[in-house]
Amino acid sequence: MKEIPRIKTAFYLILGGVGFGFLISAILLIVLPTEKNVANIQIILLIGELFLPVPIFIWGWRRTIPLGELMRVRVPTAASLLASLPIALGLTIIIDELDRLTQIILPLPEKFVKIEELLRITDWQSAILVIGIVVVTAPLIEEIIFRGFFQRVLEYRLGNITRAVLISALVFAIIHFNIWWAIQIYLLGLFMGYLAWRSDSVFPSFIVHAFNNGWAVLWSHWHTKITWYEWHNLVHPLIIIVALAVFLGGLKLFRKLTPPPVRRIEIMAPEEPVSDNFGE
């Protein structure tokens, strides 16, 4: 890979993808019947999501840059992938608790509560759509865009890993256009950004993202059956304590098993130094 886009260019490519996805979705909403047809809405969401990275693909293709290199789509070590599992489990529960606390102060409007209808699995077709969109496609596409592409651009152009993670997580939260979930999404983006940088791959962050979305699907179906999980509409304190321990232990293990990535100086201009250490 011989070229890294400027930050402004990368940001415009992301905005272009979001606009492109919205346009395609809007057209399909007009063309396809959606009233009382959840399957059609799910298909429209899938198609709209698939168009998000198109401008980035076109930019890379015109410059003959391999998409895997452009978007950090490379397989890390098996140890790194396994270490990301406890992080995913613990962080998902922590984010769930934060979401519950946020809704005490800023309750979700009714229209957002109805989003749960899109997560309903009623037959094998809806299972394929819900799992395929919410748990697999959306997390993977968003990770290759924000942690694979945009954060990587920021790392090289800003010359500071911490600032790159902070900014990419902020843009990730803003792009979701939801002030009720902004803090949760931002916090999630911070840790996913760290995992992507440390492993130089989007797959550990994808595992966390997919696990978090999968929990939302699972909760929408089983929340009446796992009463032990809740305490006064919050997550049970003992579960929170265990989740924190699992999360911190997972981070420690991930850091131990995953050495920092090697800096790629051949694609950097001399006047753009890069800090190799997270936190500097």
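Considering each residue of segment 195-249, count those that are in contact with a helix residue (DSSP H, G or I) (Cβ under 6 Å, 6 or more places away or on another chain) and part of a strand (DSSP E or B), and give that number.
Residues in segment 195-249 being in contact with a helix residue (DSSP H, G or I) (Cβ under 6 Å, 6 or more places away or on another chain) and part of a strand (DSSP E or B): 2 in total.
Pick from ARG74, ARG62: which is within 17 Å of the chain's Cα centre (by Cα), among the charged types (D, E, K, R) and surrounded by fewer than 19 Cβ atoms within 10 Å (Cβ to Cβ)?
Numbers: ARG62 fails: within 17 Å of the chain's Cα centre (by Cα).
Selected residue: ARG74, the only one of ARG74, ARG62 that is within 17 Å of the chain's Cα centre (by Cα), among the charged types (D, E, K, R) and surrounded by fewer than 19 Cβ atoms within 10 Å (Cβ to Cβ).
Quick one: which helices (runs of 4 or more DSSP H) sit completely within segment 86-180 and have at least 3 residues that are modelled with pLDDT under 85 and either surrounded by fewer than 17 Cβ atoms within 10 Å (Cβ to Cβ) or aliphatic (A, V, I, L, M) (or both)? Write out each step before concluding.
Working: elements: 110-113, 124-130, 138-143, 151-158, 161-175.
The qualifying helices (runs of 4 or more DSSP H) are 110-113, 124-130.
Here are some conditions: (1) over 23 Å from GLU49 (Cβ atoms); (2) at pLDDT below 95. ILE240 meets all but one. Which one does it not meet?
So ILE240 meets the others, but not (2).
When you scan segment 136-152, how many residues do you find that are among the aliphatic types (A, V, I, L, M) and over 17 Å from PRO76 (Cα atoms)?
Selection size over segment 136-152: 4.
When the residues of segment 4-19 are filtered to those that are more than 19 Å from the chain's Cα centre (by Cα) and among the aliphatic types (A, V, I, L, M), which remaining residue is surrounded by the fewest Cβ atoms within 10 Å (Cβ to Cβ)?
Within segment 4-19, the match that is surrounded by the fewest Cβ atoms within 10 Å (Cβ to Cβ) is ILE7.
Looking at SER25, SER80, can you tell me which residue is among the hydroxyl-bearing types (Ser, Thr, Tyr) and closer than 29 Å to SER126 by Cβ?
SER25
Could you tell me how many of the residues in segment 20-54 are surrounded by fewer than 16 Cβ atoms within 10 Å (Cβ to Cβ), among the polar types (S, T, N, Q) and in a helix (DSSP H, G or I)?
So the answer is 0.
The values are calculated or read from the model by the stated rules, or taken from the named source; none is laboratory data. Please read all numbers here as calculations on a predicted model, not as lab measurements. All Cβ positions, glycine included, derive from the backbone under ideal geometry; neighbour counts span all protein chains shown.
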